[in-house]
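The values are calculated or read from the model by the stated rules, or taken from the named source; none is laboratory data. Being a predicted model, the structure only gives us computed values, none of them experimental. Here Cβ is always computed from backbone atoms with ideal geometry, including for glycine, and neighbour counts include all displayed protein chains.
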Amino acid sequence: MQGLTWNNIDDIGLALHEAHPDIDPLTIRFTDLLRWITELEEFADDPMKSNEGKLEAVQMAWYQEWKESQG
């Protein structure tokens, strides 16, 4: 894999779930979410290309992963 970009919303959500499995994604502020995304080892895009819509999409993808893991 060449690295995650803002086009890989579902993959970013999965990576965040793997990195923070016990965190409810809906409790995370967007400032922290952006930091956690950019701290992912696989993330290889420009943090400045983020926007509220992209962060919201990542949060929802992560939430889906988290919700499924809750049984």
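Selection within the stretch 8-28: residues that are in contact (Cβ under 8 Å) with a residue 40 or more places away in the chain and not in a helix (DSSP H, G or I). The member of this set that is surrounded by the fewest Cβ atoms within 10 Å (Cβ to Cβ) is Pro21. Within the stretch 41-67, track down each residue that is loosely packed, with under 14 Cβ neighbours inside 10 Å and part of a helix (DSSP H, G or I). Across the stretch 41-67, the qualifying residues are Pro47, Met48, Lys49, Glu52, Gly53, Glu56, Lys67.
Screening the candidates Thr31, Thr5, Thr38 for the property of being touching a strand residue (DSSP E or B) at 6+ places or on another chain (Cβ under 9 Å) and either at pLDDT 95 or above or buried (at least 16 other Cβ atoms within 10 Å of the Cβ) (or both) yields one hit, Thr5.
So which residues in the stretch 29-40 are part of a helix (DSSP H, G or I) and more than 12 Å from Ile9 (Cβ to Cβ), if there are any at all? Even if it seems obvious, please write down each step before you answer.
The initial filter retains those residues of the stretch 29-40 that are part of a helix (DSSP H, G or I), namely 30-39.
Correct list: Phe30, Thr31, Asp32, Leu33, Leu34, Arg35, Trp36, Thr38, Glu39.
Restricting the stretch 1-30 to residues that are over 12 Å from the mean Cα position of the chain (by Cα) and of a type in the set (S, T, N, Q) leaves a set whose member that is nearest to Gly71 (Cα to Cα) is Thr27.
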